[in-house]
Amino acid sequence: MIICRCRRRMLTAACFAERRVNMKITAVIAAAGSGTRMGKGNKLLIPINGKTVIERTLEAFQKSGCINEIVLVTSPEGEIAKLARAFSKVSHIVCGGESRAESVKRGAAFSGDCDFIAVHDGARPFVSPELIEKIAACAEKSGAAVPCVPITDTLKEISGGKIEKTLDRSRIFGAQTPQIFRKDLLCRAYEEIQFDVTDDSLAVEKIHPVAYVEGDSENIKLTTKFDIIIAAEIAKKRDRKI
């Protein structure tokens, strides 16, 4: 019985490895924003326990076995681009557009011969290769997959300075990235929408069902100065494991 279980695990691992080879995924990293809520300077260049935010983000996709290439959306002449050139999977560095939607569209246009596109926020430096692979496996089956985490606060709908109602927290989740889509779905979704989006799945939801997988509570997006304090603790813990 033990031998059978071992063989089953080996077969599963082999099948997953073969799937990753056959499933070409380009990561489009959105890193063109200025991060004004963080204060002066670009938040992606803030050092977190010895590495900048963008270096930690790129490192996760560099290590992921299911990512074939990385398209970074940022200024090709900036400091972020200089750091990015140290990562062998970075194939293109593309100027961002006036909106997130335009930036992602520009990045997707340089994605080359791939089947899927993984769109990720440059300001999420703690995405793990394991989470990337879990989302990719779900996207392969469904065509579109997004990591989500439960909301822990009680949510209120407010209008005119007053609470209108309390929302059902059990049905509301926070979306993370990377969000992985079939390339044709993502490109078609962005061709059809006529408004900007802060979340790429919002565009894809209009034309195709989007599946979700359990996200990671440490896969936070750095937005405020307080987030940097939390990020420092996450980085220390993770770096000790390396």
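Okay, here's what the table says:
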| quantity | calculated |
| --- | --- |
| Any pair with Cβ under 9 angstrom, 6 or more apart, that starts in segment 115-134 at a residue that is free of Cβ contacts under 8 Å to residues at least 12 places away in the same chain and on the phi < 0 side of the Ramachandran plot and ends at one that is surrounded by fewer than 24 Cβ atoms within 10 Å (Cβ to Cβ) and part of a loop (DSSP other than H, G, I, E, B) | Glu130/Asp216 |
| Hits in segment 54-80 (condition: buried (at least 18 other Cβ atoms within 10 Å of the Cβ), out of contact with any Lys or Arg (no Cβ under 7 Å at 6 or more places or on another chain) and outside any loop (DSSP other than H, G, I, E, B)) | Ile54, Glu55, Arg56, Leu58, Ala60, Val71, Leu72, Ile80 |
| Looking only at segment 187-231, and only at residues there that are among the hydroxyl-bearing types (Ser, Thr, Tyr) and part of a loop (DSSP other than H, G, I, E, B), the one that is nearest to Val119 (Cα to Cα) | Thr198 |
| Among the residues listed as Arg100, Arg56, the single one being in contact with a strand residue (DSSP E or B) (Cβ under 9 Å, 6 or more places away or on another chain), charged (D, E, K, R), at pLDDT 95 or above and under 19 Å from Lys43 (Cα atoms) | Arg56 |
| Tally of residues being open to solvent by 10 Å² or more (accessible area, probe 1.4 Å) and touching a Gly at 6+ places or on another chain (Cβ under 9 Å) across segment 104-115 | 2 |
| Among residues of segment 123-179, those that are part of a helix (DSSP H, G or I), open to solvent by less than 20 Å² (accessible area, probe 1.4 Å) and touching a strand residue (DSSP E or B) at 6+ places or on another chain (Cβ under 6 Å), counted | 3 |
| For Lys82: the one exception among (1) touching a Ser or Thr at 6+ places or on another chain (Cβ under 8 Å); (2) free of Cβ contacts under 8 Å to residues at least 24 places away in the same chain | (1) |
| Residues of segment 71-92 satisfying the condition of being within 17 Å of the chain's Cα centre (by Cα) and either modelled with pLDDT under 95 or farther than 12 Å from Gly33 by Cβ (or both) | Val71, Leu72, Ala84, Lys89, Val90 |
| Residue count, segment 204-222 (criterion: open to solvent by 40 Å² or more (accessible area, probe 1.4 Å), over 16 Å from Gly174 (Cα atoms) and of a type in the set (A, V, I, L, M, F, W, C)) | 1 |
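Here's the yes/no breakdown for (1) under 21 Å from Thr152 (Cβ atoms); (2) polar (S, T, N, Q); (3) within 15 Å of the chain's Cα centre (by Cα):
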position: Lys162; (1), (2), (3): no, no, no
position: Leu185; (1), (2), (3): no, no, no
position: Glu192; (1), (2), (3): no, no, no
position: Asn219; (1), (2), (3): yes, yes, yes
position: Ile230; (1), (2), (3): yes, no, no
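The values are calculated or read from the model by the stated rules, or taken from the named source; none is laboratory data. All values reported here derive from a predicted model rather than from experimental measurement. So basically every Cβ, Gly included, is an ideal-geometry build from the backbone, and we count neighbours across all protein chains shown. In case anyone asks, the SASA skips ligands and DNA or RNA and just uses the protein heavy atoms, side chains included. Shrake-Rupley method; radii C 1.70, N 1.55, O 1.52, S 1.80 Å.
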